[in-house]
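J.: My questions all concern the structure below.
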Amino acid sequence: MKAFAFAAVLALSPLSAAQAASDLPVSTPAAEGLSAAKLDAMSVAIKAGQFQQITSVLIARHGKLVFETYYDADKPDGGPEARRNTRSTTKTVTAMLAGAAIARGALPSVQAPIRAYLKDRPPAANPDPRKDKVTVEDLLTMSSIAECDDDNQFSRGNEERMYLIEDWVGFYLDLPVRGFPEWSPKPEASPYGRSFSYCTAGVVTLGAVVQNAVRKPLPAFADEVLFKPLGIEAPHWQMSPKGLAMGGGGLGLRSRDLLKLGQLYANGGQWNGKPVLPAGFVKASVAPHAHARENTDYGYLIWLQTFQGPDGAGHKAWVMSGTGGQKVTVVPDLDLVAVITTTNFGVRQPHAISEKLIAEHILAAVEK
C-alpha cells in the first residue's frame, strides 16, 4: 500500500500544478488500468541511474494523462517548462506539416514531385532526370533516389557534411543518384518497393517544400495548423545558415507537448473532437512503406516497431524517435502513449536503453 501511495504522489503532484496548462484530461494510473506500484519501481530504477540520464517520463492511457515525472526538475533548465531538444522526433512533426499542407490543397498529394516547389534555385549538380521525379512521399519514407545515408560515414549525403555548408537544401539537391551493387537490393526487390536510407537532408528539403507550397515560413505554418490547436506554446526551432527552419531535428518542445503530438496520432488526427490532421493521412503515415531494419518498418517519418509485453505478446507501436533515445511511443492496441526524454547523447546504445524502459516498465505496468 505504501508503494502505491508513493507512486500516486510521483505521478500526480506535477499534474496538479500544471493541469491548467494542458488540455489533456487527467486521471490516475489505477483508474486507467496501470499499476502505480510498477510505475513507482520504474522511477526508483531511473533515479538509481539504471537507464542512465532519463529527464522525463509521461504516460497517457485512454487519452488521459496518468503519469508525469521530471527527473531533472532540480536543474535550472529542467522540469515541465523545459524545451527539450527533440532531435529527430522533429521529423515526424515535418510529416504532420506535409499532411496539413495536403489537407489545405497547397500540395496536391504525397505523389507531388518536389521540384515544382523548388523552382527558384540554381541548377543542381549531378543532373539526372530521375532526380526530377523525386516526390514528397519519397522524402516522407526515406527512400528517394539520392545517395544519402546518415548511418554511413562515407555517404556523400551524410548529415554531418550538410552542416558544413550554407545551403542545406542545395546540399540535398546536388547529391548524385545512389547506386545499388549486387549485394544491395534495388527498390523493386525490396519490401514495399522502396529501399530505405536514413537521410536528414531529405527531410530538411521536405520542410522547404512545405514552406514554399503554403507560402509562409514553416514555424508560422506549424503554429497555425498544429501547435495552436494543441495548445503548444513557444516552440524553439533551430535554423539553417540561410534561415530555413530545421525540419530534420532539434525542435525544442516541452515533454507535455510531445505527449500531445503522440496522442494526436492515437486519436487519428483529432484533438478535442476536432480534426487537426486528415484521418486518411494519419492512417497512411503509420502504415509500412519501407523496411528500415530487422523487425522494424518505416511509415511517413515514423518508426513502426513491435514491443514485447511481460506476457510475451507483441504490441505494435508507432515511434517518433531522436538521438539519445528520445521517444514518443504510441501503442494503439493498449490505447497508450508514452514520452521519454533523455540526455543520453554520449551513451552507448541509447535507443536500446529507452526501448528497455518502455518494454520492461511502462508496458509491464499495464494490468487491464
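J.: Quick check on my filter: what residues within the range 44-78 are surrounded by fewer than 20 Cβ atoms within 10 Å (Cβ to Cβ), in contact with a Phe, Trp or Tyr (Cβ under 8 Å, 6 or more places away or on another chain) and small (G, A, S)?
T.: Selection gives A45, G78.
J.: Considering only the range 166-184, how many residues are more than 21 Å from P241 (Cβ to Cβ) and either in a loop (DSSP other than H, G, I, E, B) or under 23 Å from the mean Cα position of the chain (by Cα) (or both)?
T.: Looking only at that region, the number is 8.
J.: Taking into account only those residues within the range 119-128 that are on the phi < 0 side of the Ramachandran plot and in contact with an Asp or Glu (Cβ under 8 Å, 6 or more places away or on another chain), which is surrounded by the fewest Cβ atoms within 10 Å (Cβ to Cβ)?
T.: A125
J.: While we're here: Go through (1) open to solvent by less than 20 Å² (accessible area, probe 1.4 Å); (2) under 22 Å from L251 (Cβ atoms); (3) of a type in the set (A, V, I, L, M); (4) modelled with pLDDT under 95 for A21 and report which single condition fails.
T.: Against the list (1) open to solvent by less than 20 Å² (accessible area, probe 1.4 Å); (2) under 22 Å from L251 (Cβ atoms); (3) of a type in the set (A, V, I, L, M); (4) modelled with pLDDT under 95, A21 comes up short only on (1).
J.: Any idea how many residues of the range 239-298 are touching a strand residue (DSSP E or B) at 6+ places or on another chain (Cβ under 9 Å) and of a type in the set (K, R)?
T.: 3
J.: Here's something else I'd like to know. For the range 332-354, which residues satisfy the criterion of being closer than 14 Å to S56 by Cβ, out of contact with any helix residue (DSSP H, G or I) (no Cβ under 7 Å at 6 or more places or on another chain) and assigned to a loop (DSSP other than H, G, I, E, B)?
T.: Of everything in the range 332-354, just one residue is closer than 14 Å to S56 by Cβ, out of contact with any helix residue (DSSP H, G or I) (no Cβ under 7 Å at 6 or more places or on another chain) and assigned to a loop (DSSP other than H, G, I, E, B), namely T343.
J.: While we're here: Among the numbered conditions (1) open to solvent by less than 10 Å² (accessible area, probe 1.4 Å); (2) in a helix (DSSP H, G or I), tell me where G247 comes up short.
T.: (2)
J.: Another one. With the structure loaded, tell me whether Y70 is in contact with a helix residue (DSSP H, G or I) (Cβ under 8 Å, 6 or more places away or on another chain), within 24 Å of T323 (Cβ to Cβ) and among the aromatic types (F, W, Y) or whether it fails that test.
T.: yes
J.: Still on this structure, I have one more. When the residues of the range 261-295 are narrowed to those that are part of a strand (DSSP E or B) and open to solvent by 30 Å² or more (accessible area, probe 1.4 Å), which ends up farthest from S195 (Cα to Cα)?
T.: Ranking the qualifying residues of the range 261-295, first place goes to K274.
J.: Can you tell me which condition L206 does not meet? The list is (1) open to solvent by less than 10 Å² (accessible area, probe 1.4 Å); (2) farther than 27 Å from R256 by Cα, and all the others hold.
T.: Here L206 meets the rest and fails (2).
J.: Restricting to the range 214-237, what's the tally of residues that are open to solvent by less than 20 Å² (accessible area, probe 1.4 Å) and either among the small types (G, A, S) or assigned to a loop (DSSP other than H, G, I, E, B) (or both)?
T.: Residues that pass the stated criteria total 2.
J.: Which residues, taken from the range 334-349, are touching a residue at least 60 places away in the same chain (Cβ under 8 Å) and farther than 22 Å from A82 by Cα?
T.: L334, D335, L336
J.: Of the conditions (1) crowded, with 18+ Cβ neighbours inside 10 Å; (2) touching a Lys or Arg at 6+ places or on another chain (Cβ under 8 Å); (3) of a type in the set (V, I, T), V177 fails just one. Which one is it?
T.: Condition not satisfied by V177: (1).
J.: Of the residues in the range 129-165, how many are open to solvent by less than 20 Å² (accessible area, probe 1.4 Å), outside any loop (DSSP other than H, G, I, E, B) and more than 16 Å from A95 (Cα to Cα)?
T.: 2
J.: Determine whether S321 is in contact with a strand residue (DSSP E or B) (Cβ under 7 Å, 6 or more places away or on another chain), part of a helix (DSSP H, G or I) and within 25 Å of K47 (Cβ to Cβ).
T.: no
J.: Can you find even one residue in the range 81-100 that is closer than 23 Å to P235 by Cα, in contact with a helix residue (DSSP H, G or I) (Cβ under 9 Å, 6 or more places away or on another chain), modelled with pLDDT of 95 or more and open to solvent by 40 Å² or more (accessible area, probe 1.4 Å)?
T.: So far as the range 81-100 goes, yes, one or more of its residues are closer than 23 Å to P235 by Cα, in contact with a helix residue (DSSP H, G or I) (Cβ under 9 Å, 6 or more places away or on another chain), modelled with pLDDT of 95 or more and open to solvent by 40 Å² or more (accessible area, probe 1.4 Å).
J.: Still on this model: Give me a count of the residues in the range 296-319 that are open to solvent by less than 30 Å² (accessible area, probe 1.4 Å) and either among the charged types (D, E, K, R) or in contact with a Leu (Cβ under 9 Å, 6 or more places away or on another chain) (or both).
T.: Qualifying residue count for the region: 10.
J.: Condition first: without any contact (Cβ under 8 Å) to a residue 40 or more places away in the chain and either in contact with a Phe, Trp or Tyr (Cβ under 6 Å, 6 or more places away or on another chain) or small (G, A, S) (or both). Now tell me which residues in the range 87-111 satisfy that.
T.: G105, S109
J.: Testing Y192 on (1) farther than 15 Å from V134 by Cα; (2) at pLDDT 95 or above; (3) out of contact with any His (no Cβ under 9 Å at 6 or more places or on another chain), one condition comes back false. Which one is that?
T.: (3)
The values are calculated or read from the model by the stated rules, or taken from the named source; none is laboratory data. For clarity, every value in this text was computed on a predicted model and none was experimentally measured. Here Cβ is always computed from backbone atoms with ideal geometry, including for glycine, and neighbour counts include all displayed protein chains. Just so you know, the surface numbers come from the protein's heavy atoms only, side chains and all, with ligands and any DNA or RNA stripped out. Shrake-Rupley method; radii C 1.70, N 1.55, O 1.52, S 1.80 Å.
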